[in-house]
Amino acid sequence: MAEFHFYEPAGGHGLAHDPTNAIIAPRPIGWVSTLSAEGKRNLAPYSFFNLFNYRPPIIGFCSVGWKDSVANVDATGEFVWNLATRDLAEAMNATSTDDKIDEFDSTALDPEPSRLVKPQRVGASPVQFECVKSQIVRLTDAKGAELDSWLVLGEVVGVHIDTAMIENGIYQTARARPILRGGSWGDYFEPGEFFQMRRPG
């Protein structure tokens with residue numbers, strides 16, 4: 001029988017590092033481009049990111065702290081999600097700074113215009129979603145106390161896919177070499193072994 005390390009998060013985990021980020025892994029990366037109300041560009045990665053609905057497609061990222069991405073979406077109602085890939089990993093990592101800079105300029109990433117929203121896309125990324133704000137939700141704990149964490153949900157209104165990623169009408173997930181966040185210490189993954197299972201019924 002396995003021996004378990006048990007802890008209550010409110011009292012600390014008793015380990016060298018908080019294991020939560022490493023357990024809930026790998027996670028897709030929300031590489032989000034926004035514009036401020038004044039037109040200043042911002043590009044930042046978020047490891048709390050996912051797809052939450054099919055029709056309409058709704059994606060979301062969560063920011064610990066009211067950062068520029070959240071403030072910009074709140075002000076303008078728009079953002080773009082850019083797929084982070086192995087080839088773009090270093091550039092993506094460089095955009096994680098909190099410095100007040102234009103990340104497109106500092107990383108030499110070529111911005112491309114969007115069709116339906118104002119924030120620009122990362123042209124080198126093989127997939128981009130143009131999004132319109134659906135909700136910004138301030139998270140609370142189980143007792144209702146407000147946290148300094150903000151869930152930004154957006155409806156995908158436009159999708160750009162590099163046609164090289166499509167074969168026989170099917171998007172080839174692994175071909176894009178998406179990177180996924182692992183632990184909280186700079187660990188990343190590429191998709192590895194692939195297997196299929198059919199849902200019952």
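The values are calculated or read from the model by the stated rules, or taken from the named source; none is laboratory data. Just so you know, these numbers come straight off a predicted model, no measurement behind them. Heads up, the Cβs are rebuilt from the backbone with ideal geometry, glycines too, and the neighbour counts pull from every protein chain shown.
When you scan the range 84-99, do you find a residue that is exposed (fewer than 11 other Cβ atoms within 10 Å of the Cβ), touching a residue at least 24 places away in the same chain (Cβ under 8 Å) and in a loop (DSSP other than H, G, I, E, B), even just one? Working first, answer last.
Within the range 84-99, the first condition is being exposed (fewer than 11 other Cβ atoms within 10 Å of the Cβ), and the residues that meet it are 90, 98-99.
Still in the running and touching a residue at least 24 places away in the same chain (Cβ under 8 Å): 98.
Now drop any that are not in a loop (DSSP other than H, G, I, E, B), which leaves 98.
The answer is yes; a qualifying residue exists.
Suppose we keep only residues that are within 30 Å of K118 (Cα to Cα) and buried (at least 16 other Cβ atoms within 10 Å of the Cβ) within the range 166-187. Which one would you say is modelled with the lowest pLDDT?
Result: R181.
Can you find, within the range 19-49, the residue that is farthest from D105 (Cα to Cα) among those that are part of a loop (DSSP other than H, G, I, E, B) and among the polar types (S, T, N, Q)? Let's see the steps before the verdict.
Going residue by residue through the range 19-49, those that are part of a loop (DSSP other than H, G, I, E, B) are 19, 24-26, 29, 36-40, 47-48.
Add one more test, that the residue is among the polar types (S, T, N, Q), and what stays is 36, 47.
On the way: S36: 16, S47: 23 Å.
Restricting to residues being part of a loop (DSSP other than H, G, I, E, B) and among the polar types (S, T, N, Q), the top hit is S47.
Can you find a residue in the range 84-94 that is at pLDDT below 95, touching a Gly at 6+ places or on another chain (Cβ under 9 Å) and among the charged types (D, E, K, R)?
no
What pairs come up if the first residue lies in the range 166-177 and is over 20 Å from A84 (Cα atoms), the second is in a strand (DSSP E or B) and of a type in the set (K, R), and their beta carbons are under 8 Å apart, counting only those six or more places apart or on different chains?
Filtered contacts from the range 166-177: no entries.
Tell me the residue from D98, D68, D110, D102 that is over 19 Å from F189 (Cβ atoms), among the charged types (D, E, K, R), touching a strand residue (DSSP E or B) at 6+ places or on another chain (Cβ under 6 Å) and at pLDDT below 95, please. Walk me through how you get there before you give the answer.
Values: D98 fails: touching a strand residue (DSSP E or B) at 6+ places or on another chain (Cβ under 6 Å); D68 fails: at pLDDT below 95; D110 fails: touching a strand residue (DSSP E or B) at 6+ places or on another chain (Cβ under 6 Å).
Step by step, each of D98, D68, D110, D102 is checked, and only D102 is over 19 Å from F189 (Cβ atoms), among the charged types (D, E, K, R), touching a strand residue (DSSP E or B) at 6+ places or on another chain (Cβ under 6 Å) and at pLDDT below 95.
Exactly one of these conditions fails for E3: (1) closer than 27 Å to A94 by Cα; (2) modelled with pLDDT of 95 or more. Give me its number.
Checking E3 against (1) closer than 27 Å to A94 by Cα; (2) modelled with pLDDT of 95 or more, the one that fails is (1).
Of the conditions (1) farther than 22 Å from D187 by Cβ; (2) surrounded by 14 or more Cβ atoms within 10 Å (Cβ to Cβ); (3) among the aromatic types (F, W, Y); (4) in contact with a Leu (Cβ under 9 Å, 6 or more places away or on another chain), F52 fails just one. Which one is it?
The one condition F52 does not meet is (2).
Filter the range 1-39 down to the residues that are small (G, A, S) and free of Cβ contacts under 8 Å to residues at least 24 places away in the same chain and list them by number.
Once the filter is applied, which keeps residues that are small (G, A, S) and free of Cβ contacts under 8 Å to residues at least 24 places away in the same chain, the range 1-39 yields A2, A10, G11, G12, G14, A16, G39.
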